[in-house]
Amino acid sequence: MELAYYSDYAVRLVNSEDPARGQDSLTSVEAVRDLFGAGQEAGRRATDADVTRFRSVRARLRAVFEAADQGDETLAVNLLNSLLLEFPVSPQISGHDFRDDDGRPLWHMHLADHPSNATAGYAAIAAMGLAFHLTEYGVNRLGLCEAAPCRNAYLDTSTNRSRRYCSDRCATRANVAAYRARKRLEADRSANSGRTADTAQRTAASGER
């Protein structure tokens, strides 16, 4: 499993809240466990206290995406480094669940999270995964959706660094909104042009009298 895979942990946590709409799905222990994914032993350690702790980590991860989205690379890196220092991980070589055609383990790097509580474990994995993505692809590959009011986080893995939206749904919605805006502008220009022509005709008629 590639270490960059863990960056999805950061995206899932950040997107558990929609600040613009005042929506927050991170309201229970079950919601915390869902973030880990099905079958993740680490999620079973979650308690009521982790709900508040997860929200705190979420705010810090969103700040990383916001700094990157605003082009402040140094701030994004500094914010992420503070999370890495606070929530360390231990890289390990693992071969579980992956076998080659001969049944031998496919060795890969695995992150062993901090065992103290569910939040520390999740934060460590999310921060490390995001750090690998940032250093591999660049800070500008961390984005926030441009389809207002959505501000979901996303990781740009496009070949030409062109991603602007968190999902196809938001991309479609933004394109439709832009199309309608262009049509309104064209209609306004046409109306203004018509009024200008009418005014010119009335002025000419007045001059002839």
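Accessible surface comparison of R60, R161, R151, probe 1.4 Å, protein chains only, largest first: the order is R161, R151, R60. Straightening the chain between V29 and S193 buys 52.9 nm, computed as 0.36 nm per residue apart minus the Cα-Cα spacing. Solvent exposure of the stretch 1-102, expressed per residue, is 57 Å² of accessible area, with all protein chains present and a 1.4 angstrom probe. The stretch 136-151 and the stretch 9-34 have Cα centres spaced 17 Å apart. In the stretch 1-110 the Cα-Cα distances spread across 10 Å bins starting at 0 as 12, 36, 33, 15, 4, 0 percent of all pairs.
What net charge is computed for the residues neighbouring L26, neighbours being all others with C-beta under 13 Å from the C-beta of L26, Lys and Arg scored +1, Asp and Glu -1? Net of charged neighbours comes to -1.
The values are calculated or read from the model by the stated rules, or taken from the named source; none is laboratory data. The structure displayed is predicted, hence computed values, not measured ones. Here the Cβ is made from the backbone with ideal geometry for all residues, glycine too, and neighbour counts use every protein chain on show. Accessible surface is based on the protein model in full, side chains and every heavy atom, while ligands, DNA and RNA are left aside. Shrake-Rupley method; radii C 1.70, N 1.55, O 1.52, S 1.80 Å.
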